[in-house]
Amino acid sequence: MKSLKASAWTLVLAAGATLSAFGAEGGDAATTNAPEPQIQFADPDYDFGRINSGESVKHTFVFTNTGNAKLEISAVHPSCGCTTAGEWTKEVAPGQTGSIPVQFNSGSYGGVVHKTVTVTSNAKNQPSMVLQLHGNIWKAVDVNPQYAVLQVNSESVSNSTVSVHVVNNTDQPFTLTNPVSNNKGIAAEIKSVKEDKEYEVVVRTVPPFDPANTQGLITMQSTLSNAPTVTVTVLVIMQPSIVVSPDRVVLPAGKLAEQTTSTVLIRNQLKAPLKLSDAQLNSKAVKFEVKETEPGVAFTINFTFPAGFEFPAEGGLELTVKTSNERTPLIKIPLSAAAEHAAAGAPTVTLSPRALSTLPSPQSK
């Protein structure tokens, strides 16, 4: 009899322990399933198909709060100025829907385009969501490339040219004439490539070129009714005659624990050979050596700083070297400590020897 009672109590205690454990798990589940907002878009990717250049695309992205707490949309950021967002739904209750109207202006585009809109919210599943718009923009006339870029220096500014191709995408007869430039330092000539279909526009600089006016617009007349004028934007990039890299020598502040070396590379960008002479440094403690590594083209200046060297408090260390280039008769290379350089706020652009070697050689021009 006592044995049966003991067994019964054992079952009761076991059942109680099971219920207690179940209750604990239930408490954890309640904590895990705390109210939180969730966002789900009906379609985050919109393909607007094919449109004519200049048309606007309007689309409304619809989303639902699939969570169990209020959803708040804090920001909507299009990827560029051609895409804008209208007044979107700021707050959405659980189970309800909201909308984000978007408009894309295709005026300056042609061919396949892809735009994005980033949506930021308090959604636990996707606090940052990217919406997509893409399609094909048709133009009666394509200009390729869209920008005519001329890279020139003091030696090539009078004879630099670049070609742009203008293609007729319609079935109508096509003639391109009368190129007019709004910059007297830039001119253009039209050459027929394929009758009624394609023209080559050869853009060139015209001396005397003003280095301060490095942009221009070429306007041409077309016989197409839906594209009566064709324009080409011109950008002129003035390259330095001589590249110095880095443009200054910067060492750690304080006394140097050991001997330190530094190298500056100088490269001639012109066809005319470059000569360096009369290199001087206003410090007897620092040794330097100028080497011509490629005749008339490339040079290195190797500096050696002894152990214990420290820049003077007044600073002002500088290496100067004369050149045979009339536009850049003197190269100045400052030497300074890191703290002094940071205080001056002067940027230092450093190219590795490998990067510098990729600059075009005068013989390749």
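Here are a few things to note about the model shown:
- If you go through the stretch 74-90 and pick out every residue that is assigned to a strand (DSSP E or B) and exposed (fewer than 14 other Cβ atoms within 10 Å of the Cβ), you end up with 3.
- Residues in the stretch 73-88 that are hydroxyl-bearing (Ser, Thr, Tyr) and touching a residue at least 24 places away in the same chain (Cβ under 8 Å) were compared, and the one that is nearest to Gln38 (Cα to Cα) is Ser74.
- Residues that are surrounded by fewer than 21 Cβ atoms within 10 Å (Cβ to Cβ) and closer than 30 Å to Gly216 by Cα within the stretch 116-140 comprise Asn136, Trp138, Lys139, Ala140, listed in sequence order.
- Test: residue in the stretch 101-111 that is in the same structural domain as Asp47 (by TED's automatic domain parsing), more than 20 Å from Ala85 (Cα to Cα) and touching a Gly at 6+ places or on another chain (Cβ under 8 Å): no
- Every listed requirement among (1) at pLDDT below 90; (2) over 29 Å from Val297 (Cβ atoms) is met by Ser192 save one, (1).
Yes or no, residue by residue, for (1) closer than 13 Å to His165 by Cβ; (2) exposed (fewer than 12 other Cβ atoms within 10 Å of the Cβ):
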{"residue": "Ser192", "(1), (2)": "yes, no"}
{"residue": "Asp196", "(1), (2)": "no, no"}
{"residue": "Glu200", "(1), (2)": "yes, no"}
{"residue": "Val203", "(1), (2)": "yes, no"}
{"residue": "Pro207", "(1), (2)": "no, yes"}
{"residue": "Ala212", "(1), (2)": "no, yes"}
{"residue": "Leu217", "(1), (2)": "no, no"}
{"residue": "Leu224", "(1), (2)": "no, no"}
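- Single residue of the stretch 91-129 satisfying the filter (part of a strand (DSSP E or B) and in contact with a Lys or Arg (Cβ under 9 Å, 6 or more places away or on another chain)) that is nearest to Ala69 (Cα to Cα): Val92
- The lone criterion from (1) at pLDDT below 95; (2) of a type in the set (S, T, N, Q); (3) under 15 Å from Thr229 (Cα atoms) left unmet by Ser160 is number (3).
- Number of residues in the stretch 147-169 that are assigned to a loop (DSSP other than H, G, I, E, B) and within 30 Å of Leu270 (Cβ to Cβ) equals 8.
- Yes/no for Ala69 being assigned to a loop (DSSP other than H, G, I, E, B), aliphatic (A, V, I, L, M), surrounded by fewer than 18 Cβ atoms within 10 Å (Cβ to Cβ) and touching a Pro at 6+ places or on another chain (Cβ under 6 Å): yes
- Residue ID - surrounded by the fewest Cβ atoms within 10 Å (Cβ to Cβ), chosen from residues in the stretch 303-325 that are within 19 Å of Leu251 (Cβ to Cβ) and aliphatic (A, V, I, L, M): Ala313
- Number of the exception - Lys184 against (1) free of Cβ contacts under 8 Å to residues at least 60 places away in the same chain; (2) of a type in the set (Lys, Arg); (3) within 22 Å of Gly110 (Cα to Cα): (3)
- In the condition set (1) assigned by TED's automatic domain parsing to the domain that holds Leu217; (2) touching a strand residue (DSSP E or B) at 6+ places or on another chain (Cβ under 8 Å); (3) touching a residue at least 40 places away in the same chain (Cβ under 8 Å), Ser192 is compliant with all but (3).
- Single match in Arg204, Arg248 (criterion: among the basic types (Lys, Arg) and in the same structural domain as Pro145 (by TED's automatic domain parsing)): Arg204
- Some residue of the stretch 236-249 being more than 30 Å from Ile301 (Cβ to Cβ) and modelled with pLDDT of 90 or more: yes
- Residue pairs meeting the criteria (Cβ under 6 Å; at least 6 apart or on separate chains; first touching a residue at least 40 places away in the same chain (Cβ under 8 Å), in the stretch 237-250; second assigned to a loop (DSSP other than H, G, I, E, B) and charged (D, E, K, R)): Ser241/Arg327
The values are calculated or read from the model by the stated rules, or taken from the named source; none is laboratory data. Since the structure is predicted, the reported quantities are computational estimates derived from the model, not experimental observations. All Cβ positions, glycine included, derive from the backbone under ideal geometry; neighbour counts span all protein chains shown.
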